[in-house]
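In what follows, a single structure is set out as structure tokens and then discussed.
The values are calculated or read from the model by the stated rules, or taken from the named source; none is laboratory data. Since we're looking at a predicted model, the values are computed, not measured. Please note: Cβ atoms are built from the backbone with ideal geometry, for glycine as well, and neighbour counts cover all protein chains shown. Keep in mind that these areas ignore ligands, DNA and RNA; they rest on the heavy atoms of the full protein, side chains included. Shrake-Rupley method; radii C 1.70, N 1.55, O 1.52, S 1.80 Å.
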Amino acid sequence: MGFVPTMGNLHRGHMSLVRLATERADRTVVSIFVNPTQFGEGEDLDDYPRTPRKDLRKLQEAGVDAAFLPAPREIYPDSFSTWVDVKGLTEGLCGRYRPGHFRGVTTVCAVLFGIVRPHFAVFGRKDAQQLAVIRRMTTDLRMGIEVVAGPLVREPDGLAISSRNGYLSPEQRRQAAAISRGLRRAAEMAAAGSRDAAALEGAVREAVAGQDKLRLQYVSLVDPETMEPMSMLDRTGLLAAAVYAGDTRLIDNVMIEPAPKRKNGR
Ligand code: PAJ
């Protein structure tokens with residue numbers, strides 16, 4: 001049994017994970033639950049797009065066997081008292097700016113895993129820190145659930161697909177493509193031999209700074225498993241960024257490979 005947890009408003013990114021699951025599993029379950037505990041004070045919980053009818057149609061067309069759309073009280077009854085908190089991994093990147101967010105994510109995933117009891121669960125690389133945190137949780141708590149990673153799906157201009165893209169004005173939407181351009185530029189610099197984290201991060205800073213509707217929250221080169229900052233690209237790194245366009249927070253990332261070492265320093 002394969003499982004794809006989502007918050008709904010299903011787009012091509014979600015559906016690619018669903019496809020991964022249906023290809024691997026005899027039975028696929030998808031959950032749609034806008035999880036209140038992972039939203040902070042002043043975040044978009046109430047505005048988050050909810051499109052259950054459309055979503056169910058897409059899941060049916062994709063050959064999903066069961067969709068699970070619990071009510072908040074079903075997941076969090078009054079007696080609910082257990083929280084799952086992964087330390088370390090959750091402290092940097094998005095964790096630094098969204099306190100309590102990952103505690104909400106791990107807790108709801110632990111509950112959903114307990115209800116669905118899948119053999120594997122699929123998570124997207126769009127949320128690279130979330131993926132690492134969920135892997136840690138399933139390993140540490142010996143949940144016996146394989147975590148399968150799906151590739152990050154992008155719009156034709158490179159923007160990472162997200163339900164939150166719908167909040168963008170046409171001009172913000174146009175400028176938002178600069179985020180992935182900066183990340184791609186950094187990957188090219190690495191391929192050409194650049195190893196300095198500050199220089200790679202600088203490519204994203206520069207790309208975003210050129211757009212008056214965007215404001216960089218963070219860009220950081222980290223180890224893809226531990227999320228620890230890397231000062232040098234001496235192995236595969238994850239370059240991750242969060243950017244505000246107005247009130248809309250967008251995240252994106254790219255895996256970066258160091259250029260192969262050349263002989264004789266040439
Ligand atoms: P949501 O944002 O709906 O995303 C559900 C899954 O889809 C996540 O694994 C996410 O990484 C993946 N996803 C979103 N956009 C993607 C894209 N452009 N390409 C590839 N995968 C993409 O992430 C959550 O919901 C919640 O935190 C959840 C795990 C459901 C817990 O509430």
> Roughly how many percent of the accessible protein surface of the stretch 212-259 is carbon and sulfur, given a 1.4 Å probe and a whole-percent answer?
Replying inline: 48 percent
> What Kirkwood hydrodynamic radius, in Å, does the chain give when the mean of 1/r is taken over all pairs of distinct Cα atoms and then inverted?
Replying inline: 19.4 Å
> Quick one: putting +1 on the C-beta of Lys and Arg, -1 on the C-beta of Asp and Glu, what dipole do you get for the chain around its Cα centre, in Debye to the nearest 20?
Replying inline: 720 debye
>> Keeping every protein chain present and rolling a 1.4 Å probe, give me the accessible area per residue for the stretch 1-107 in Å².
In response: 55 Å²
> What nm distance separates the two modelled labels at Gln60 and Leu45, each placed 7 Å from Cα along Cα→Cβ?
Replying inline: 3.2 nm
> Protein chains only, probe 1.4 Å: how do Ser163, Ser169, Ser231 rank by accessible area, largest first?
Replying inline: Ser231, Ser169, Ser163
>> If DNA, RNA and ligands are ignored and the probe is 1.4 Å, what is the ranking of Lys261, Lys87, Lys126 by accessible area, most exposed first?
In response: Lys261, Lys87, Lys126
>> Taking 0.36 nm per residue of sequence separation and subtracting the Cα-Cα distance, how much length would be gained by fully extending the chain between Thr236 and Asp78, in nm to one decimal?
In response: 52.4 nm
>> Using the Cα centre of the stretch 58-98 as origin and beta-carbon charges of +1 (Lys, Arg) and -1 (Asp, Glu), tell me which of Gly63, Leu89, Ser79 is placed farthest towards the positive end of the dipole.
In response: Leu89
> Excluding the sites themselves, what is the longest stretch of the chain that contains no chymotrypsin sites (Phe, Trp or Tyr not before Pro) in a DSSP loop with at most 14 other C-beta atoms within 10 Å?
Replying inline: 84-266
> So for Asp46, Asp127, what's the accessible-area order with a 1.4 Å probe, most first?
Replying inline: Asp46, Asp127
> Hey, any idea what the orientation-averaged projected area of the convex hull of the stretch 2-150's Cα atoms comes to, in nm²?
Replying inline: 8.6 nm²
>> Using a 7 Å offset from the Cα along the Cα-to-Cβ direction at both Ala191 and Ser169, what is the distance between the two label points in nm, to one decimal?
In response: 3.5 nm
> On full extension of the chain, what length is gained from Ala199 through Thr226, given 0.36 nm per residue of separation minus the C-alpha to C-alpha distance?
Replying inline: 7.6 nm
> So how exposed is Tyr48, as accessible area in Å² (1.4 Å probe, rounded to 10)?
Replying inline: 20 Å²
> Ordered by residue, what ³J(HN,Hα) values in Hz, to whole numbers, does the stretch 81-88 give under the Karplus form 6.51 cos²θ - 1.76 cosθ + 1.60, where θ = phi - 60° and Gly and Pro are x?
Replying inline: 9, 10, 10, 10, 10, 7, 8, x
> Put +1 on the Cβ of each Lys and Arg and -1 on the Cβ of each Asp and Glu in the chain; which of Val133, Phe120, Thr22 then has its Cα farthest toward the positive end of the dipole?
Replying inline: Thr22
